[in-house]
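Presented below is the structure to which this report refers.
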Amino acid sequence: MIEKNIKLYKVKEGKEQTLTDWGNTLMNERKDEAIATLKEEQCLREFLTMFTIDNSSYIAIIMQGDNILPSTNKEINQTHKKIIRECTDGEITLRTLYDIRVD
């Protein structure tokens, strides 16, 4: 069964570019390292999307995998967590109302 982990954060004012730059780094210079780390965590996919509501920016981080393991202590994970902490006002609690899957 595919497991999903979804986290939502409000972005601090002026930090959108920092998050955009980090996303570009992960998709380019550090992509191989990011993929290797996701494999170790048994994560098949991770993506981050940014959106705006009432002039405030938010990000959603979505991870999918068969059995997602806790993140490793690799430098890339430490950097990722640091950037998320520095650029957001903390995690917003989400509640799943339904999750329907066609097998």
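Read the figures in this text as sums done on the coordinates, not as results from a lab. For clarity, every value in this text was computed on a predicted model and none was experimentally measured.
Side notes on the structure shown:
- The convex hull built on the alpha-carbon positions of the stretch 3-92 has an orientation-averaged projected area of 5.6 nm².
- The helix-only estimate of mean residue ellipticity at 222 nm for the chain, built from DSSP H runs of length n ≥ 4 each weighted as -39500 (n - 2.57), is -10500 deg cm²/dmol after division by the residue total.
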